[in-house]
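> If you scroll down you'll find the structure; I have some questions about it.
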Amino acid sequence: MNRIKLILNILLLIVMLLLMDPRSFYGLEFHEWAGLIIGLFFILHKALNWSWIKIVTVCFFKSSPNRARLNYVLDVLLLAGMVLMILSGIAIARTINFSWMNLGGSGMFWRVMHTSSSFITLALFGIHLGLHWKWVQLRFKFKKVAS
Amino acid sequence: MSKKIINGIISLAIVIAALYGLSRLRFIERSIWIFKTNDMQNTRRGGFERGGREGRDFRTRPQDFGGRERQNFENLPDSVRQRLLAERGARVENDSLRESRALNDTAERGDFRGRGEGRDFRRGQSVRLVNVGWFFIVFAGFTVITIYLDMLLKLIKRKKNQKEC
Ligand code: HEM
Ligand code: HEM
């Protein structure tokens, strides 16, 4: 399970980085499809950590350690960032036709929202990973022992 | 001990590179863009004009987002485009994204012919990972700083606990 999580996390990171520059990798069409698909994978990432989410949600106002609270707040922000990125991406999409969704708002607003939310979320990702560094170290140590 | 020193040096290098990456990608400016967008005036000054493609897009992309504006954009006369580019020129020199677009004139002409006909931004060069590398370094910078802050906070906490005992 941990190995699957690790591979998923690495994949998420790579795709996220490719998405940060729409010009970097096979143009906007890739960007838009990958942006939509990555959303599903983030849901999977959440599902795999579901037990943690359940426990902390229940205990949040009672007796969670501060660190768990910090992680929780960060996770909620990450999720919000993700939703904003994809929603604004849909609003400014050019190669996939989403006009039927009638999201409203000005194109300018969504465009700025798309840029800012993706930049802020990338920074939050960095912090998120930093807070889970122990887990990452453990995974790589595990790999060494196994080999 | 030597491992710790090596780790420290690598971390420092990552943080320094990340700081450079922040300015190269105009990371902070673009992150807080949304908070500066109270009206069109602000937006134009705050970033679009410097941001390249976007600035031009929005002048030709009015309030609603139907699809019509793309047609307009496509028909934008070269003279107008040139003026807009010149307006931005000076500030944009160090901007890697803009540089990459300017290198390839196709991008400046706008590759998109409207919805449903998705095409690359920049024909001829479909994989270009320079900026992705910089984004990675900035990302790694945030990770490294968090790791060290975390260690520092833990250390402070431990010291505090020791004193209390
Ligand atoms: C929308 C984006 C994301 C959300 C909402 C999210 C949310 C979560 C949640 C809820 C957890 C479980 C517990 C905790 O926070 O302590 C977690 C764990 C983790 N996440 Fe994320 N995450 C996101 C993106 C990422 C990315 C891009 C990476 C990789 C760079 C990543 C790496 C990790 C790691 C290494 C763990 C620890 C796994 C474990 O302890 O089993 N996450 N994340
Ligand atoms: C997690 C997902 C995503 C991330 C991290 C992301 C990130 C970005 C970034 C960093 C930019 C460049 C902003 C700038 O230069 O100012 C951008 C542009 C863009 N994105 Fe996304 N995006 C994501 C998802 C999507 C989705 C789902 C769509 C559409 C369905 C989309 C459509 C666009 C479009 C149309 C542009 C404008 C390109 C231009 O005119 O220069 N994005 N995105």
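The values are calculated or read from the model by the stated rules, or taken from the named source; none is laboratory data. Model, not experiment: these values are computed from the prediction. Using ideal geometry, Cβ is built from the backbone for each residue, glycine included, and neighbour counts are taken over all protein chains shown. Each accessible area value is taken on the protein alone, full model and side chains, heavy atoms only, with ligands, DNA and RNA left out. Shrake-Rupley method; radii C 1.70, N 1.55, O 1.52, S 1.80 Å.
> What is the number of the single condition among (1) modelled with pLDDT under 85; (2) open to solvent by less than 90 Å² (accessible area, probe 1.4 Å); (3) in contact with a helix residue (DSSP H, G or I) (Cβ under 8 Å, 6 or more places away or on another chain) that B:Val127 does not meet?
All conditions are met except number (3).
> If you don't mind, another one. Could you tell me whether any residue of segment A:117-131 is away from chain B (no Cβ under 11 Å) and open to solvent by 40 Å² or more (accessible area, probe 1.4 Å)?
No, every residue in segment A:117-131 fails to be away from chain B (no Cβ under 11 Å) and open to solvent by 40 Å² or more (accessible area, probe 1.4 Å).
> Any idea which of A:Leu13, A:Leu17, A:Leu74, A:Leu48 is away from ligand 2 (no atom under 14 Å from the Cβ) and within 14 Å of chain B (Cβ to nearest Cβ)?
A:Leu74
> Next question, about the same structure. What number of residues in segment A:103-116 are open to solvent by less than 40 Å² (accessible area, probe 1.4 Å) and more than 7 Å from chain B (Cβ to nearest Cβ)?
2
> Quick check on segment A:30-42. Is at least one of its residues surrounded by 15 or more Cβ atoms within 10 Å (Cβ to Cβ), more than 10 Å from ligand 2 (Cβ to nearest atom) and over 30 Å from A:Gln137 (Cα atoms)?
Yes: segment A:30-42 contains one or more residues that are surrounded by 15 or more Cβ atoms within 10 Å (Cβ to Cβ), more than 10 Å from ligand 2 (Cβ to nearest atom) and over 30 Å from A:Gln137 (Cα atoms).
> Can I ask one more? Please find, among A:Ser24, A:Ser88, the residue that is within 24 Å of B:Val138 (Cα to Cα), touching a Lys or Arg at 6+ places or on another chain (Cβ under 6 Å) and either surrounded by 12 or more Cβ atoms within 10 Å (Cβ to Cβ) or modelled with pLDDT of 85 or more (or both).
Just one listed residue meets the conditions, A:Ser24.
> For segment B:131-150, give me each residue that is more than 11 Å from A:Leu13 (Cβ to Cβ), of a type in the set (Phe, Trp, Tyr) and at the interface with another protein chain (Cβ under 7 Å from one of its Cβ atoms).
Scanning segment B:131-150 gives a single hit, B:Phe142.
> Further question: List the residue pairs whose Cβ atoms are under 8 Å apart, where the first residue sits in segment B:6-18 and is surrounded by 12 or more Cβ atoms within 10 Å (Cβ to Cβ), the second is among the small types (Gly, Ala, Ser), and the two are 6 or more positions apart or on different chains.
Close Cβ pairs (under 8 Å, with a partner that is among the small types (Gly, Ala, Ser)) amount to B:Ile14/B:Ala140; B:Ile14/B:Gly141; B:Val15/B:Gly141; B:Ala17/B:Gly141; B:Ala18/B:Ala140; B:Ala18/B:Gly141.
> Can you confirm whether A:Gly81 is free of Cβ contacts under 8 Å to residues at least 12 places away in the same chain and under 22 Å from the mean Cα position of the chain (by Cα)?
no
Rundown of residues vs (1) in contact with a helix residue (DSSP H, G or I) (Cβ under 9 Å, 6 or more places away or on another chain); (2) modelled with pLDDT of 90 or more; (3) near ligand 1 (Cβ under 10 Å from one of its atoms); (4) at the interface with chain B (Cβ under 10 Å from one of its Cβ atoms), yes/no style:
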site: A:Ala34; (1), (2), (3), (4): yes, yes, no, no
site: A:Gly39; (1), (2), (3), (4): yes, no, yes, no
site: A:Phe61; (1), (2), (3), (4): no, no, no, no
site: A:Ala68; (1), (2), (3), (4): yes, no, yes, no
